[in-house]
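Colleague: Below: one structure in structure tokens.
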Amino acid sequence: MKIDVVSIFPSYFDGLSLSLLGKARATGIVDLRIHDLRDWTGDRHRTVDDTPYGGGAGMVMKPEPWGLALDELASSSPSEAAGAPTIIFPSPAGEVFRQSTAREFAQREHLIIGCGRYEGIDERVFEYAATLGEVRLVSLGDYVLNGGEVAAMAMIEAVGRLIPGVVGNPASLVEESHEDGLLEYGSYTKPSVWRDRAVPDVLLSGNHGAIATWRREQQIERTRARRPDLLSD
Ligand code: 6GU
């Protein structure tokens, strides 16, 4: 999979060289490239923003650098066979990013992620991007961040770990929170008693059927307590 990220703060993404995703990049499973939007500016000050038409607080990202960036990156398909890219704009005004969204994006050959700052990107950029690929505005949830970078990193990690070969043991992918619509069960390791707190007996019983039943009950109980919204829909 090829992932092109466009940002005015490329160094945010340095952390993606670490750990499992870093290894996947080194081995070529994930071709992740971070681009500086200012490389597509033409003026001496490398300007990426301007005041909003109609007035209001803050600045808006100018369309021209985005147009040039998208033109260049959309034509840089990872393969002949790859179709149009999926162009993702992290945005608090987007659809909510879920595990199902991560699974969907993990199937794509080419993702382009455009990180906005300030009050957002000129709306025409989204319309234009739709002529180059499938455009998705995606939000992490109902709170406000200063820009798309942190959201983009979260999405890259969620998508990246679903690509075959990125996570060493594929079984660890299926027992996570949200993979089956429930929160995951609690985990324990040695010692069996720690500061007067014992590991639940059933986990020491060797009875795999009983353990599976207990874990499923735990999943349902904590989902009811913490995330009842997941059970009602
Ligand atoms: Cl994707 N972007 C910004 N700026 N804020 C957010 C978000 C995204 N998701 C939640 N809050």
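Colleague: Considering the chain as a Gaussian network with a 10 Å cut-off on Cα pairs, which listed residue, Thr47, Thr213, Thr189, attains the greatest mean-square fluctuation?
Modeller: Comparing Thr47, Thr213, Thr189 in the GNM, the peak value goes to Thr189.
Colleague: Out of the DSSP beta bridges found with both residues in region 1-87, what percent are antiparallel (nearest 5)?
Modeller: Numbers: 2 of 8 bridges.
Looking only at bridges with both residues in region 1-87, the antiparallel portion is about 25 percent.
Colleague: Further, regarding this structure: Tell me the Kirkwood radius of region 111-169: reciprocal of the mean inverse pair distance over distinct alpha-carbon atoms, in Å. Please report the intermediate quantities before stating the final value.
Modeller: On the way: mean 1/r = 0.0753 Å⁻¹.
Averaging 1/r across every pair of different Cα atoms and inverting gives 13.3 Å.
Colleague: Suppose every Lys and Arg Cβ carries +1 and every Asp and Glu Cβ carries -1, with no other charges. What dipole size does region 26-173 come out with about its Cα centre, to the nearest 20 debye? Walk me through the intermediate numbers first.
Modeller: Details: 12 positive and 21 negative charges, 78 e Å.
Charge dipole, region 26-173, about its Cα centre: 380 debye, nearest 20.
Colleague: Tilt of helix 208-226 relative to the longest C-alpha principal axis of the chain, in degrees (0 to 90, nearest 10)?
Modeller: The angle comes out near 50 degrees.
Colleague: Taking the DSSP beta bridges in the chain as the whole, what percent of them are antiparallel, to the nearest 5? If you can, show how the numbers build up before the last one.
Modeller: Working: 4 of 26 bridges.
Bridges in the chain are about 15 percent antiparallel.
Colleague: How far is helix 63-74 tilted off the main Cα axis of the chain, in degrees rounded to 10, range 0 to 90?
Modeller: It works out to around 60 degrees.
Colleague: For Asp196, Asp4, Asp36, Asp180, give me the order by solvent-accessible area with a 1.4 Å probe, most accessible first, ignoring ligands, DNA and RNA.
Modeller: Largest accessible area first, the residues go Asp196, Asp180, Asp36, Asp4.
Colleague: Please list, in chain and number order, the residues 5+ apart from Leu183 or on another chain whose amide H is under 5 Å from its amide H, with Hs placed from the backbone.
Modeller: For Leu183, whose amide H was placed from the backbone, the distant partners under 5 Å are His178, Thr223.
Colleague: A further question on this structure: Cut-off 10 angstrom, C-alpha nodes, Gaussian network model of the chain. Which of Arg216, Arg117, Arg103 fluctuates the most?
Modeller: Evaluated over the chain, the most mobile residue of the options is Arg216.
Colleague: Take Lys23, Lys190 and sort them by solvent-accessible surface of the protein heavy atoms, 1.4 Å probe, largest at the top.
Modeller: Values: Lys23 135, Lys190 175 Å².
Result of the area sort, largest leading: Lys190, Lys23.
Colleague: Moving on to the next point. Would you check the accessible area of Trp214, probe 1.4 Å, heavy atoms only, in square angstrom rounded to 10?
Modeller: 50 Å²
Colleague: Another question, then. How much accessible surface area, in Å² rounded to 10, belongs to the heavy atoms of Tyr118 with a 1.4 Å probe?
Modeller: 100 Å²
Colleague: Could you tell me which residue out of Phe13, Thr47, Ser79 lies farthest along the dipole of the chain toward its positive end? Charges go on the beta carbon: Lys and Arg +1, Asp and Glu -1, centred on the Cα centre.
Modeller: The listed residue farthest towards the positive side: Phe13.
Colleague: Which whole-percent values make up P(r) of the chain when all C-alpha to C-alpha distances are grouped in 5 Å steps starting at zero?
Modeller: 1, 6, 12, 14, 16, 13, 10, 9, 7, 5, 3, 3, 1, 0, 0
Colleague: A further question follows. Take the Cα atoms of region 1-134, build their convex hull, and give its volume per residue in Å³.
Modeller: Given the Cα convex hull of region 1-134, per-residue volume reads 127 Å³.
The values are calculated or read from the model by the stated rules, or taken from the named source; none is laboratory data. These numbers were taken from a predicted model, which means no experiment stands behind them. Here Cβ is always computed from backbone atoms with ideal geometry, including for glycine, and neighbour counts include all displayed protein chains. Only protein heavy atoms, including side chains, enter the accessible area calculation; ligands, DNA and RNA are left aside. Shrake-Rupley method; radii C 1.70, N 1.55, O 1.52, S 1.80 Å.
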